[in-house]
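Engineer: If you scroll down you'll find the structure; I have some questions about it.
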Amino acid sequence: MGLTKIAKGLAVYLGHNTHNTDLIVRSLTPQTRASFLTRFCSTFNSVIMEKVYFRNASDSKELDIVFRFANTNLKIDREFNFRRQMNEPIDAILARIQSNIQNRLAKTFKKSGKPPAEINVKLFGGSYDGNFKEMTFAELFSKDFSGIKLQVVDTVYEMVFNPPWISSLKLPSCILAGFVIYPTNVQIQFGERQFSKGVWYKAKKPTDLDWEICGEGFQYLVKPEDVGYYLKFILTPRNKQGIDGPVMEKVSNSAVQDAPGLCPFQNRHHYTPDYLSDSNEIRVVTYNLLADLYASSDYAGSTLFSYCPSKFLQIDYRKPLFINEIIGYNSDLICLQEVDQRIFDFDLKEILEQPPYNFQGLMAPKGKCAEGVAVFFRKSRFELLDSQVLHLGSNIPVLPVFESLWNKIKVNTQLAERICDRSTTLQTCLLRIKGTDNYVLVANTHLYFHPDADHIRLLQMGFSILFVEHIISKAVKDFNIGSAQNIGLIFCGDFNSVPECGIYKLMTEQLAAESLEDWRSNSEEAVSNVELSQPFKMTSACGAPEFTHYTTLFSGCLDYIFYQSDRFELLKYVPLPTEEELKANAAIPSAVFPSDHVALVADLRFKSVTE
């Protein structure tokens, strides 16, 4: 009989909750536990009705069956899982269950003797008098099946149809002491996450029978004393009616590892120990995460990041670092680039959208690419009014707001073809600061990377600004905002452009003159008779730092938090890592830097209209 089963029985018998009694049972010595089990079994069998769980999703003909069969005489205690068809005869499914248990027992008794000749598996009770011949579970579950029980040997199970059910759950392959661990790809059917219960255990070996409880909830901050231990996560799905489903447990594939040492971002966290308290103050983060799509490529390992040991390029190693870095900034707005779709779905949302952080995230993939840009905003601070995703390339020739600039460049066929063929994406979110009449338009992008494409990037920025102007003008009308004075623009991203180039001039000086060298970065696509201007008074929150990107092939400032200086004032920005830190392991990424970029963090305050 399993410990969890004993704990359930003891909980009912003593009137305690399962968690506490589980700890009681696990604290017993093996001898005491064996004595207790012998004396308790008869009482337990009369108190607890076991359950067999059946699941059939509405869009499927498959039937999943799960139950735990524990019998001390037969020396068995294991969970059985079956996948059959809803239209399969019940008798055939019962025969399959019987055969499976019989085969399992044959292996158990192979050396010690023969198992019982016949394992009895049957349905009984209800209004059918045990007559289920030629009936299917599809027919049974479409009728009243109350009172019908499943019996396996001498264990009787209550039948539960479509209870809360965990269809997917994974644990990361790399677990680091001092960093948060969490299950990924958690999918619960017929139940809700907020009502479900997760418990963390640890043991020296994954095959150990006794596991020590070490944490509760979906997230667990791994402790230094956990190094060398394997972790197990047990999740009980539950719905708002309080109905539980079959538990799922996952054991980590590897033991907890030592932390990589002090990460430079942990020093940066000293500047952001708490959330900002003033309703008009906003902490902004922008960060290129280095998509796994690129970090795991052969080219990355052999050329781009040849200085970085492969284990530090693996996404399961880098994830805990960049997630712990992000949450440690205690920010209100987070703009991310190079976000893998699956990392957004199963990791970033898994952490940031749950308590205590309570962000809302929006993802904008780059066309058909598996990565893109994402914005997260703290729901306690902001109300989302509107969000837009603009794929620049395909929309440049067709949107009316782009017509004037498009007409100036389309005459150069090679230039027009190249810029329209890009998957560059602009993401915007219009947010109202709760408790105020102030609004923030957040823009987030990752511009084209190629070395000979200063002209393409500058044009992409010109088109992006035109779109932002259009969004602000439209928002004033659509949401009855007093005037554009109440909207402040924050434009973040990886612009792949150093401060000496035209984008920085366009943003901070409001003009990219026709004489700029950027326009001629590719002679065959040279841009002529074009000058860009923009109406927003913008400033770079972190100025023009020497490095926001640092590899052995290139290092420089490519990332910015541009903010509208007549709407916001800069309170502070978090100092960036020193060059000594960046080159301590040749370059980044490294054991202590999860990306080839560093995060920018700045605190802004929304100015009143009269300031």
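The values are calculated or read from the model by the stated rules, or taken from the named source; none is laboratory data. These figures come from a predicted structure and were not determined experimentally. For neighbour counting, all protein chains shown are included, and Cβ atoms are generated from backbone atoms with ideal geometry for every residue, glycine included.
Engineer: So, restricting to helices (runs of 4 or more DSSP H) that lie completely within region 291-349, which ones have at least 2 residues that are under 19 Å from Phe449 (Cβ atoms) and touching a residue at least 24 places away in the same chain (Cβ under 8 Å)?
Structural biologist: Once the helices (runs of 4 or more DSSP H) in region 291-349 are filtered for at least 2 residues that are under 19 Å from Phe449 (Cβ atoms) and touching a residue at least 24 places away in the same chain (Cβ under 8 Å), what remains is 292-295.
Engineer: Identify all residues within region 171-190 that are closer than 17 Å to Leu221 by Cα and in a strand (DSSP E or B); write none if there are none.
Structural biologist: If the condition is that a residue be closer than 17 Å to Leu221 by Cα and in a strand (DSSP E or B), then Leu176, Val180, Ile181, Thr184 are the ones that fit.
Engineer: Shifting gears a bit: Quick one: which residue in Pro206, Pro246 is surrounded by fewer than 21 Cβ atoms within 10 Å (Cβ to Cβ) and more than 22 Å from the chain's Cα centre (by Cα)?
Structural biologist: Being surrounded by fewer than 21 Cβ atoms within 10 Å (Cβ to Cβ) and more than 22 Å from the chain's Cα centre (by Cα) holds for just one of Pro206, Pro246, which is Pro206.
Engineer: Right, something else. Could we say that Gln360 is farther than 27 Å from Leu384 by Cα, surrounded by fewer than 20 Cβ atoms within 10 Å (Cβ to Cβ) and not small (Gly, Ala, Ser) here?
Structural biologist: No: the conditions fail for Gln360.
Engineer: Here's a follow-up. Which number in (1) farther than 27 Å from Leu290 by Cα; (2) surrounded by fewer than 18 Cβ atoms within 10 Å (Cβ to Cβ); (3) not hydroxyl-bearing (Ser, Thr, Tyr) marks the one condition that Trp519 misses?
Structural biologist: The number of the failed condition is (2).
Engineer: Let me ask something else about it. Consider Ala70 carefully, then state whether it is surrounded by 15 or more Cβ atoms within 10 Å (Cβ to Cβ), at pLDDT below 95 and small (Gly, Ala, Ser).
Structural biologist: It is true that Ala70 is surrounded by 15 or more Cβ atoms within 10 Å (Cβ to Cβ), at pLDDT below 95 and small (Gly, Ala, Ser).
Engineer: Can you tell me which residue within region 465-507, out of those that are in a helix (DSSP H, G or I) and aromatic (Phe, Trp, Tyr), is farthest from the chain's Cα centre (by Cα)?
Structural biologist: Taking the candidates together, the pick is Tyr504.
Engineer: Turning to a different aspect of this structure: Can you tell me which residue in region 111-121 is nearest to the chain's Cα centre (by Cα), limited to those that are modelled with pLDDT of 75 or more and loosely packed, with under 14 Cβ neighbours inside 10 Å?
Structural biologist: Within region 111-121, the match that is nearest to the chain's Cα centre (by Cα) is Asn120.
Engineer: Of the residues Gln257, Gln337, which single one is at pLDDT 95 or above, surrounded by 15 or more Cβ atoms within 10 Å (Cβ to Cβ) and under 29 Å from Ile490 (Cα atoms)?
Structural biologist: Checking each option against the conditions leaves just Gln337.
Engineer: Are any residues in region 548-579 small (Gly, Ala, Ser) and assigned to a loop (DSSP other than H, G, I, E, B), and if so, which ones?
Structural biologist: Selection gives Ser565 alone.
Engineer: Quick test for you: out of Tyr573, Tyr550, Tyr560, pick the one residue that is in the same structural domain as Gln460 (by TED's automatic domain parsing), under 30 Å from Lys408 (Cβ atoms), within 30 Å of the chain's Cα centre (by Cα) and surrounded by 16 or more Cβ atoms within 10 Å (Cβ to Cβ).
Structural biologist: So the residue among Tyr573, Tyr550, Tyr560 that is in the same structural domain as Gln460 (by TED's automatic domain parsing), under 30 Å from Lys408 (Cβ atoms), within 30 Å of the chain's Cα centre (by Cα) and surrounded by 16 or more Cβ atoms within 10 Å (Cβ to Cβ) is Tyr560.
Engineer: If you go through region 544-567 one residue at a time, how many are in contact with a Cys (Cβ under 6 Å, 6 or more places away or on another chain) and of a type in the set (Val, Ile, Thr)?
Structural biologist: Within region 544-567, residues that are in contact with a Cys (Cβ under 6 Å, 6 or more places away or on another chain) and of a type in the set (Val, Ile, Thr) number 2.
Engineer: In region 184-203, how many are at pLDDT 95 or above and touching a Phe, Trp or Tyr at 6+ places or on another chain (Cβ under 6 Å)?
Structural biologist: 5
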